[in-house]
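K.L.:
Encoded as structure tokens, here's the structure I'll be asking about.
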Amino acid sequence: MSDTDKIKIITNNRKANFEYAILDKYEAGISLEGTEVKSLRDAKVSIVESYARVIKDEVFLIGANINEYKYGNINNHEPVRNRKLLLHKKEIKKIKEALTEKGLTLIPLKMYFKNSKVKVELGIGRGKKLYDKRESIKARETDLKLKRIKL
């Protein structure tokens, strides 16, 4: 990434890092309508309950909620709909092969503007067990305690 790339994060899926162990990451463009982009500029989006799926050699973001644009008219977009993600064919093929393994899923990790274009960071993740989640909480708490002691 060069210095000319301007990135403005719209939203993070913090729950994804807690619920899943991320194995691989991809950057994808997203096909949107005009009012959706305006709504994203106001950060009126939730990707917490969304996921991505490969359907007929195309990747779709399913369940992402982009609120209606406040100043939109009757041509306003639907808040929850399937949105096409834009990836290279080689990347789609890699993702498709990875998802054939049992227990793996494709999750949106964050959504951001990169040079005024909306991008979605996707992660191939494996669901964590309850004891894995507890271990990550313990590790986070010990890190916080160490930081407090050092201050």
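The values are calculated or read from the model by the stated rules, or taken from the named source; none is laboratory data. Given the structure is predicted, the values throughout are model-derived calculations rather than measurements. Cβ sites come from the backbone with ideal geometry, for glycine too, and all protein chains shown count toward neighbours.
K.L.:
Can you name every residue in the range 123-151 that is more than 24 Å from residue 103 (Cα to Cα) and of a type in the set (Gly, Ala, Ser)?
P.N.:
The answer is 139, and nothing else.
K.L.:
Could you go through the range 9-29 and let me know if any residue there is out of contact with any Gly (no Cβ under 9 Å at 6 or more places or on another chain), closer than 15 Å to residue 115 by Cβ and basic (Lys, Arg).
P.N.:
Scanning the range 9-29 turns up no residue that is out of contact with any Gly (no Cβ under 9 Å at 6 or more places or on another chain), closer than 15 Å to residue 115 by Cβ and basic (Lys, Arg).
K.L.:
Given the conditions (1) over 14 Å from residue 25 (Cα atoms); (2) more than 16 Å from the chain's Cα centre (by Cα); (3) in contact (Cβ under 8 Å) with a residue 12 or more places away in the chain, and given that residue 127 satisfies all but one, which numbered condition is not satisfied?
P.N.:
So the condition that residue 127 fails would be (2).
K.L.:
Take residue 86 and decide whether it is touching a Lys or Arg at 6+ places or on another chain (Cβ under 7 Å) and at pLDDT 90 or above.
P.N.:
No; evaluated as a whole, the condition is false for this residue.
K.L.:
Taking residue 40 as the residue in question, decide whether it is modelled with pLDDT of 90 or more and either among the aliphatic types (A, V, I, L, M) or touching a strand residue (DSSP E or B) at 6+ places or on another chain (Cβ under 7 Å) (or both).
P.N.:
no
K.L.:
In contact with a Phe, Trp or Tyr (Cβ under 9 Å, 6 or more places away or on another chain), on the phi > 0 side of the Ramachandran plot and of a type outside the set (D, E, K, R), is that true of residue 63?
P.N.:
The answer is yes for residue 63.
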